[in-house]
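Derivation of every value follows stated rules applied to the coordinates shown; laboratory data play no part. From a predicted model like this one, the values you see are computed outputs, not experimental measurements. Neighbour counts are summed over all protein chains in view; Cβ atoms, including those assigned to glycine, are modelled from backbone coordinates with ideal geometry.
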Amino acid sequence: GNSVTQMEGPVTLSEEAFLTINCTYTATGYPSLFWYVQYPGEGLQLLLKATKADDKGSNKGFEATYRKETTSFHLEKGSVQVSDSAVYFCALTGGSTLGRLYFGRGTQLTVWP
Amino acid sequence: EAGVTQSPTHLIKTRGQQATLRCSPISGHTSVYWYQQALGLGLQFLLWYDEGEERNRGNFPPRFSGRQFPNYSSELNVNALELEDSALYLCASSGGRGQPQHFGDGTRLSIL
């Protein structure tokens, strides 16, 4: 079946620190992969995406590379800011998922000044 | 361009009542998805509508139902409300299978 396993949080970092949030997946077929971010009291915002192996998605300094050989899509940012504090979700769709997104459990990131 | 809009923002009901949540997709999007985000349970897929038809359904009881209108807007109905239905209900829309889903800010449903 389809599933996403995401690094458990919470993650607490100082401003300008390096961020990695691990995400691995199980899927049939060739899924598209996404990272979404949820700020307090809001819905989910699409952060970045990758639709095929070796694609790199990037946005707002965040990056993630679709690694088919390791079934991974780890999120990275070189220098986090206080404004990056939010919950981050890894997700997949496509293949045999019948339209729906499969989400990881989310990782709470808190960045201190 | 307007994003996905959901109404109401908050809804307070009592056990046994019925709730109706509404969603308007991004213009040009024909697919609408509903998800439940309950505390401690993560994001759970509820329903997928495309071109007015229900295409897929998550593992929820039949008292969760919905529909999609000709203008692609959608309603989620929850009958016989239970305390555990308290959650944030998120609607998303997309332009097709495999395309990114774009989310609204959700309806917070509280059951007293």
For this session: Please sort by residue number the GluC sites (Glu not before Pro) in the stretch A:53-109 whose DSSP state is loop and whose Cβ has at most 11 other Cβ atoms within 10 Å.
Result: A:69
Exercise. If we count other beta carbons within 10 Å of each Cβ, what is the order of A:4, B:32, fewest first?
Worked result: A:4, B:32
Exercise. If you count the DSSP beta bridges with both ends in chain B, what percent of them are antiparallel, to the nearest 5?
Worked result: 90
Exercise. Using +1 on the beta carbon of Lys and Arg, -1 on that of Asp and Glu, and nothing else charged, what's the dipole of the protein assembly as shown about the Cα centre, debye to 20?
Worked result: 420
Exercise. Using a Förster distance of 35 Å, how high is the FRET efficiency between residue B:84 and residue A:12, based on the Cβ-Cβ distance and rounded to 0.05?
Worked result: 0.70
